[in-house]
Amino acid sequence: MDDKKMLHVRIAERGKMHALDKNYKEALRHYKEALRIVQSQKDSELFFQHYSQCVMESLEQSGANNEVISFCENYRAFLKEKETNDLVDKHNAFVCERQAIQHLLKEETDMALDLLLEAKTSLKKHKQPITEQLLNWLQRGYSINKKQILGLQKKHNYFIVRQELINPDIAMDLPEAFSAF
């Protein structure tokens, strides 16, 4: 691995380790630095999207619902500027689902329903199991609680930061005095 070109990968990997330890402040500090580095590199869009998902996930798991909603809104606006294709549509569906979940956690079911319907439309003929299940429940008038949402998230590997996907051998910590904020 070319250390200079892939420095962001090493920093993000350490951020993932912090996230698994539920140290979301440190995880976010590492992800933000990885995002800053990757923005200056050519052909970095996939890394940018992945790190953005890591940021949203840490915010979500820390209970920062309003921040996740704001992040999702900004990310969806960014996606609308892109030429539509299957990948952009899939990312939009994923972000709509994540934003809808935040609204459900805040008991804002009308907002959640609209976002889940948009996610389903973005997917066209493809399926997204969490979106499908949440839509099913909402359209039947069921109340959805945090435990049910977490159960669906775990069942369908909603969280991308998982122990089995992390390579601690390449992880690199940022110095404490360094702040990405």
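Looking at the chain, which longest stretch skips every one of the trypsin sites (Lys or Arg not before Pro) that is in a DSSP loop with at most 16 other Cβ atoms within 10 Å, leaving the sites themselves out?
On the way: sites that count: K4, K5, K22, K42, K82, K106, K124, K125, K127, R140, R162.
In short, 43-81.
Most mobile of N65, N85, N74 per a Gaussian network model of the chain (Cα springs, under 10 Å)?
N85
List the equivalent ellipsoid semi-axes of segment 1-112 in whole Å, largest first, each obtained as the square root of 5λ for an eigenvalue λ of the Cα gyration tensor.
Working: eigenvalues 124, 75, 16 Å².
Equivalent-ellipsoid dimensions as semi-axes: 25, 19, 9 Å.
If you keep only loop residues by DSSP, which GluC sites (Glu not before Pro) in segment 79-181 have at most 16 other Cβ atoms within 10 Å of their Cβ? Don't skip to the answer; put the middle values down first.
On the way: sites: E81, E83, E97, E107, E108, E118, E132, E164, E176; in loops: E81, E83, E107, E108, E176.
Here the sparse-neighbourhood loop sites are E81, E83, E107, E108, E176.
Among M17, M56, M111, whose mean-square fluctuation peaks in a Gaussian network model of the chain (Cα, cutoff 10 Å)?
Its mean-square fluctuation being the largest, the pick is M111.
Treat each spin label as a single point 7 Å out from the Cα along the C-beta direction, and report the T84 to H126 distance in nm.
1.5 nm
Would you tell me the accessible area of L79, worked out with a 1.4 angstrom probe on the heavy atoms of the protein chains, in Å² to the nearest 10?
That residue has around 10 Å² of solvent-accessible surface.
The values are calculated or read from the model by the stated rules, or taken from the named source; none is laboratory data. Bear in mind the structure is a predicted one, so any value in this text is a computation, not a measurement. Note: ideal-geometry Cβ built from the backbone for every residue, glycine included; neighbour counts use all protein chains shown. We work out accessible area using only protein heavy atoms, side chains counted, and drop any ligands, DNA or RNA first. Shrake-Rupley method; radii C 1.70, N 1.55, O 1.52, S 1.80 Å.
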